[in-house]
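Attaching a single structure in structure tokens format; questions to follow.
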Amino acid sequence: MYRFTAMTGLLFLLNACAGYNPEEDYDLVIPARLNAVQVVDSHYPEEQVERGRYLADLLACGTCHTVGALAGEPDQTRYYGGSDIGIAYTSPFEGNRPGILYPANITSDPETGIGRWTDEEIMRLIRTGVDRHGSHNVSVMPWQGYTQIVDEDAMAIVAFLRSLKPVIHKVPANVLPGQKHSAPFVHFGVYRSKN
Ligand code: HEC
């Protein structure tokens with residue numbers, strides 16, 4: 001259901017200023033709170049897992065990395081199991097098809113998740129954006145905001161992720177700018193009128 005909030009009001013205002021109404025081309029959705037807890041037995045100390053959960057919640061990891069969360073309908077049974085909704089990193093309003101990244105499955109499933117990653121590899125990705133193959137994530141994953149996380153806290157986040165129920169779920173392949181996409185996406189952007 002469509003609700004009018006301060007945020008949608010602001011969007012209307014911005015769109016009116018820009019002379020373009022994206023709602024003619026796109027549906028607007030309002031994200032909901034994610035509050036699932038699906039923890040399996042873990043060999044990490046409970047206190048460490050709880051600290052990791054607290055941090056992951058603060059850093060909003062699950063709001064990108066959970067099916068449906070980006071569109072306000074998180075699938076609580078696939079908590080942290082990756083998103084079928086992508087995030088566009090180029091503007092969908094420029095005429096070209098946008099580049100899109102799909103937040104990965106970060107549960108411990110070895111095939112579709114990060115079960116084969118070492119603790120160090122996960123900690124490195126969170127703090128530097130560099131994945132286990134040495135390539136750099138584009139800025140959609142907000143690792144720039146996570147660079148100051150101390151070892152103890154980074155390890156707590158890893159312990160929390162490892163304590164989650166492994167979800168078997170392959171996210172859609174990332175889409176390069178100009179390519180056709182088949183899964184939906186959201187886009188965050190700041191626009192200024194050109195005249
Ligand atoms: C704004 C959305 C967003 C948030 C918030 C976010 N991520 Fe991500 N993350 C992504 C995207 C998108 C990718 C995939 C990037 C790519 O494919 O290049 C990713 C990739 C990853 C990966 C690599 C997985 C793989 O298989 O390559 C890990 C691990 C990860 N994120 C963990 C986290 C953790 C832990 C947090 C919270 C501290 C977090 N992310 C917060 C969007 C996000």
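The values are calculated or read from the model by the stated rules, or taken from the named source; none is laboratory data. Note that the structure is predicted; figures quoted are calculated from it, not measured. Reconstructed Cβ throughout: ideal geometry from the backbone, glycine too, with neighbour counts over all protein chains shown. Quick note on the areas: whole protein, heavy atoms, side chains included, nothing else; ligands and nucleic acids left out. Shrake-Rupley method; radii C 1.70, N 1.55, O 1.52, S 1.80 Å.
Taking the conditions exactly as written (closer than 20 Å to LEU176 by Cα, more than 10 Å from the ligand (Cβ to nearest atom) and in a loop (DSSP other than H, G, I, E, B)), does GLU94 satisfy them or not?
Yes; evaluated as a whole, the condition is true for this residue.
Are there any pairs with C-beta distances below 9 angstrom linking a residue in region 59-73 that is without any contact (Cβ under 8 Å) to a residue 24 or more places away in the chain to a residue that is basic (Lys, Arg), with the two at least 6 apart or on different chains, and if so which?
Once the first residue is without any contact (Cβ under 8 Å) to a residue 24 or more places away in the chain and sits in region 59-73, its partners that are basic (Lys, Arg) give GLY68/ARG78.
Looking only at region 54-80, how many residues end up being part of a helix (DSSP H, G or I) and either within 9 Å of the ligand (Cβ to nearest atom) or open to solvent by less than 50 Å² (accessible area, probe 1.4 Å) (or both)?
Selection size over region 54-80: 11.
Here's something else I'd like to know. Considering region 108-128 alone, what residues qualify as being within 10 Å of the ligand (Cβ to nearest atom), in a loop (DSSP other than H, G, I, E, B) and either within 18 Å of THR63 (Cα to Cα) or touching a Pro at 6+ places or on another chain (Cβ under 6 Å) (or both)?
GLY113, ILE114, ARG116
Let's see how each residue does on (1) in a strand (DSSP E or B); (2) open to solvent by less than 40 Å² (accessible area, probe 1.4 Å); (3) more than 11 Å from the ligand (Cβ to nearest atom):
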{"position": "SER139", "(1), (2), (3)": "no, no, no"}
{"position": "ALA154", "(1), (2), (3)": "no, yes, no"}
{"position": "ALA159", "(1), (2), (3)": "no, yes, yes"}
{"position": "VAL167", "(1), (2), (3)": "no, yes, yes"}
{"position": "LYS170", "(1), (2), (3)": "no, no, no"}
{"position": "ALA173", "(1), (2), (3)": "no, no, no"}
{"position": "GLY178", "(1), (2), (3)": "no, no, yes"}
{"position": "ALA183", "(1), (2), (3)": "no, yes, yes"}
{"position": "VAL190", "(1), (2), (3)": "no, no, yes"}
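Could you please let me know if ASP84 is acidic (Asp, Glu) and open to solvent by less than 40 Å² (accessible area, probe 1.4 Å)?
No; evaluated as a whole, the condition is false for this residue.
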